[in-house]
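Please read the structure below before turning to the comments.
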Amino acid sequence: MVTTHNLGFPRIGAKRELKFALEAYWKGQSSRDELESLGAQLRQRHWINQANLDLVPVGDFAFYDQVLDMSFTLGNLPERVRGFHGDPLDNSFRVARGRSAHGVDHAACCGGVAAGEMTKWFDTNYHYIVPEFSAATEFQLDASRLLAQLAEAKAQGVKAKPVIVGPVTYLALGKARDASDKLALLPRLLPVYATLLDELAAQGVDWVQVDEPLLVTELDADWQHAFNTAYHALKTCRVKLLVTTYFGQLQENMYLAANLPVAGLHVDAIDGRGDVIPLLSMLPPHKVLSLGVINGRNVWKTDLNRALDWLEPLRDRLGARLWIAPSCSLLHVPVDLAGEKKLDAELKSWLAFALQKLHELEVLAVALNMGREWARDALNANRAAVDARRVSPRVHDPMVQAAVARVTRDLGRRHGAYEQRSARQSALLNLPAYPTTTIGSFPQTAEIRHARSEFRAGRLDEAGYRLAMRAEIARSVREQESLGLDVLVHGEAERNDMVEYFGEQLAGYAFSELGWVQSYGSRCVKPPILFGDISRPKAMTVEWIRYAQSLTARPMKGMLTGPVTMLNWSFVRDDQPRSRSCLQLALAIREEVLDLEKAGVRIIQIDEAALREGLPLRRSQWQSYLDWAVESFRIAANGVRDETQIHTHMCYSEFNDILASIAAMDADVITIETSRSDMALLDAFDHFEYPNGIGPGVYDIHSPNIPTQEHIVQLMKKAAERIPARRLWVNPDCGLKTRQWDEVIPALANMVAAARVLRAAL
């Protein structure tokens, strides 16, 4: 019989219950017991949702993120939080966001601490807190969190499969704070893993899922050796290990993965299907092969009949050694399609969220174990939906396809070189040295959210909604002028999300009501669904920006989301290359850029926060992606005159290894996140002479901590050691929509004051 299992379940709840519980706790509005109770309720509900599986993940639930939880399980706490009172959960919040709950931290002697660095989980939009290492790092097991969740699951009769981050991937994800070699820590780390596995065995655990997605990346000989070292050291543990890979192909790591001394191997048969047949000849005859046959990262229905055509011969060959699962954790998709009441029936019939994906898995298992006849009705309904989507006229627009066919490279070229453009822009804008600005959004207040909710519910008419948004825009402009910022933004009061807002105004997009996925901590996003060819029926931002500019004599930035970020932060159609969808988006954004310029907007920011996120996990495939991604940005941005200043923004990723491609975007100014790394992200500028303007972020907007004037000056002085002061801007790391005004105003006041100090020093 084929075994079914899951790699992980969305932890936020179908209605974002975890988000609201976390934020209430952090504000001191609810108790620790209430937060813990909500977590237990979610775990119980999610285990019930997965009850039909043969094995259910336990330990995939986290109050912030699973990598941070693994750091605490391994006793790898940053030194700066070890002296705080309270329990591990409060300390984990301190590492994640600089402080824990309002009441807890105010009772402590030291208040906030520096938050841990945050970056993207492989090539997804999920973020994790980066483990910190040094040559002196020691590890000490604290399995209490995992054992407590395991005890809960056993009490509920769950067929539990504990989930942990594997030792080699854990080391690779971390960052050494000195010049030490991370792999030198492996001999200290492995005994802690061995003890953890033995403790799980003592609780009656049979299988443990050990996530090692690092295996789908390019590994040098040392890291390949580390895998062999690690799993030979763990092979005597009294549990069966399922080493789990996802997000790509094993390729040259295939033999290594197949022959690790473990009981089973999971591979991503969506992104890495080409690995499967070669693996069969390498896999020892006793080893389980788990195939990720349901896409855990996208929302389209699986073609179940085609999947069975492929799986049935594998079942015949492997027998009970064949397991099936989603390709990766379902963390990356929404919880339940059944809650969507406004999606039209045709489009809804093409989709599957987490619960529907588990049902697809059940249908495959019935067909494989008992024969297709036992799943005939489900398979026929699936075929009808898949075929309908394939031929739907809603998906294909001949006019968009003709516009794409007319694209030439000249569309992506500015008229003058940067130095020429910069001189003209300086004469027009007349900005001081170290000009100050923000990234775009200001706090989404309760008033904004209430007005948006009332408008969507039909209780506030369009005229009333527009008046409410104009009032918020006016407030943002007044506050910025009072603070003394040099380049203003309109605050984005009218925008629900930087991608969703634009997608709602583009043909080819659809939207869910409850399609939330976790980005980090309590931050959730609702990716739009890119189902067809993209076009822009009308201007999307011009009226709002023109109104904001009418309120001030200072330059007002037009704010747009770039085509690559629109692509990477959407659930994208899978029936054509991503590069083609991105080019369609670029043409739509280009029209908006040109309309803003016609409206008199002299600075236009086109955010590409997700540029690096879309990189293939293998460096050998980077250039192909970067070529079409950078060209898409250039086509969107570069139809303007030299006098119009183009900005872009990127955040919470490592940029050092793609600086040449970022420079090739040829934006006049780029703003990037650097505060959490203490400007370490600028180290690459020691070896790469970035040619254009740059604003290294000095205010970590994902922490409630308020940066001091002195700290900002210190950060900018570090930046000026690498980049000429005349090309430096001063700005936060990211948009301010998630912060409160009482945090934003003092932080920005300190930022403006720091810029004045820096100018005086010149």
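Structure summary
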| quantity | calculated |
| --- | --- |
| Residue list for segment 360-374, given a label point 7 angstrom along the Cα-to-Cβ vector of E312 and an amide N cut-off under 14 Å | 364-374 |
| For V56, distant residues with modelled amide H under 5 Å away | K159, A160, K161 |
| Carbon/sulfur fraction of accessible area - segment 401-454, other protein chains in place, 1.4 Å, % | 51 percent |
| Carbon + sulfur, % of accessible area of segment 110-149 - ligands and nucleic acids excluded, 1.4 Å | 54 percent |
| Charge dipole (debye, nearest 20) of the chain; +1 at Cβ of Lys and Arg, -1 at Cβ of Asp and Glu | 880 debye |
| Calculated FRET value between D303 and A202, using beta carbons and R₀ = 51 Å, to 0.05 | 0.70 |
| Additional length obtainable on full extension of the chain from D222 to Q740, 0.36 nm per residue less Cα span | 181.8 nm |
| Between helix 376-391 and the chain: long-axis angle, C-alpha atoms, 0 to 90°, nearest 10 | 30 degrees |
| Pairwise centroid distance, computed over Cα atoms, of segment 448-510 with segment 188-205, Å | 52 Å |
| Rounded tilt (10° steps) of 622-637 against the dominant C-alpha axis of the chain | 30 degrees |
| All lysines inside 25 Å of K15 as judged from Cα atoms, apart from same-chain residues fewer than 8 positions distant | K27, K120, K301, K341, K342, K348, K357, K526, K737 |
| Cross-link partners of K240 among lysines (Cα-Cα below 20 Å; sequence separation of 8 or more within a chain) | K154, K159, K161, K287 |
| Long-range amide H partners of T671 with built H, under 5 Å | T648, H649, M650, G695 |
| Computed FRET value (nearest 0.05) for R580 with S620, which takes r as the C-beta separation and R₀ as 30 Å | 0.85 |
| Dipole axis of the chain (+1 Lys, Arg; -1 Asp, Glu on Cβ), positive-most option in G503, H266, A115 | G503 |
| Heavy-atom accessible area per residue - the chain, 1.4 Å, Å² | 36 Å² |
| Chain lengthening between H102 and A507 when straightened (0.36 nm per residue, less Cα-Cα) | 141.4 nm |
| Around S579: net Lys/Arg minus Asp/Glu count, Cβ-Cβ under 11 Å | 0 |
| Euclidean distance of C-alpha centroids, segment 122-152 and segment 223-271, integer Å | 20 Å |
| Part-to-part distance (alpha-carbon centres) for segment 1-70 and segment 539-578, which is given in Å | 34 Å |
| Percent carbon-and-sulfur accessible area, segment 220-339, ignoring ligands, DNA and RNA, probe 1.4 Å | 52 percent |
| Trypsin sites (Lys or Arg not before Pro) within segment 50-142: DSSP coil, no more than 10 neighbouring Cβ in 10 Å | R82 |
| The chain: angle of helix 741-761 to the longest principal axis, Cα-based, in degrees nearest 10 | 60 degrees |
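The values are calculated or read from the model by the stated rules, or taken from the named source; none is laboratory data. These figures come from a predicted structure and were not determined experimentally. A quick note on method: Cβ atoms are made from the backbone with ideal geometry, for glycine too, and the neighbour counts reach across all protein chains shown. In case anyone asks, the SASA skips ligands and DNA or RNA and just uses the protein heavy atoms, side chains included. Shrake-Rupley method; radii C 1.70, N 1.55, O 1.52, S 1.80 Å.
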